[in-house]
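The structure appears right after this line, and notes come after that.
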Amino acid sequence: MTYTSSTVRVPDVAAVPRHIAIIMDGNGRWATQRRLPRVAGHTRGVDAVRAAVEACARRGVEYLTLFAFSSENWRRPNDEVSFLMRLFVTALEREIGKLHANGIRLRVVGDLAMFDTRIQDLIRRAETKTARNTRLTLTIAANYGGRWDIMQATRKLVDQSVAAGRPVEVTEEAFAEHLAMAYAPEPDLFIRTGGEQRISNFLLWQLAYTEFYFTDTFWPDFDADALGHAIESYAERERRFGRTSAQLEPQSQNVDSLPC
Ligand code: IPE
Ligand code: IPE
Ligand code: MG
């Protein structure tokens, strides 16, 4: 599947979202409420990741994208940042075999040059191992920022122009080909747990026509049922992509009213 732009062509829509993107928020507050250190929330958050991956695979979702660490999360206390790095490594080492056995393809997107080389190697090995799996593509956004993504894609277009000795044509699709997630369709459903209602520099370009779902549930408590509620809410939405409701009515009605 290559990227298709919802603003260039109206995409096909089904009751089950093909692509779900989640901002997994509220780990710290989950822990603080229980008088635990914030990082205990991150540890429990890994269990919720496992549950979300399993539930998506079961429901036939093709792409699940999880925001694990934003380009702004480096602003957190050093202790918390190093804990998150270690947790990422241990979770990846522990889970990769199971992901592979379950037909899950893993991709990691973000500015990975900022991670130490051991983490970069681990990511590359995990991606290679699972590259041919087709059941579900799990993307982890790590040191990812929507602005970074748009900037790096722009830089690639500029580099292409320099190499060609003339400006390359800039179309939406030519641009989107250089985005970090060019291999996936745009998200159908965006979920943010933890009560905040903001994008926090996640997939800025790709969320143009995505349906949004916000819940107060903290990420460690977000289970298969909670995901089910989000998908039910999605199934009730009318995705118009700029058209009117009447235009979405079944084709047969329009055909019936045509003179024979
Ligand atoms: C999300 O939970 C996890 C990451 C950003 C890594 P938070 O750590 O942001 O939890 P809250 O929002 O402070 O409760
Ligand atoms: C967004 O959560 C990033 C991730 C979940 C990885 P934050 O907790 O960092 O977002 P803000 O700072 O509240 O906007
Ligand atoms: Mg937060």
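Rule-based calculations on the coordinates, nothing more; no lab input. As the structure is a prediction and not an experimental result, all values here were calculated from the model. Methodologically, a virtual Cβ is constructed for each residue, glycine included, from the backbone with ideal geometry; neighbour enumeration extends over all protein chains shown.
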Taking only complete DSSP H runs, can you tell me which helices of the chain stretch 18 Å or more along their own long axis by Cα positions and average at least -0.5 on the Kyte-Doolittle scale? 38-59, 78-101, 146-164
Would you mind computing the Rg to Rh ratio of segment 90-197 from its alpha-carbon coordinates, Kirkwood style for Rh? 1.03
Quote the relative contact order of segment 146-260 in percent (integer), defining contacts as alpha-carbon pairs under 8 Å separated by 6+ residues. 21 percent
Relative contact order computed over the chain (Cα-Cα under 8 Å; 6+ residues apart), in percent: 30 percent
Relative intensity, log₁₀ I(q)/I(0), of segment 1-105 from a Debye sum that treats every alpha carbon as a point, q = 0.25 Å⁻¹: -1.42
Global geometry of the chain, whether rounded, prolate or oblate, following the gyration tensor of its Cα atoms and the 1.5 cut on a/c: oblate
Highest to lowest packing among 192-204, 75-87, scored as the average C-beta count within 10 Å: 192-204, 75-87
Rg in Å to one decimal, and Dmax rounded to a whole Å, for segment 1-45 via C-alpha atoms: 18.1, 50
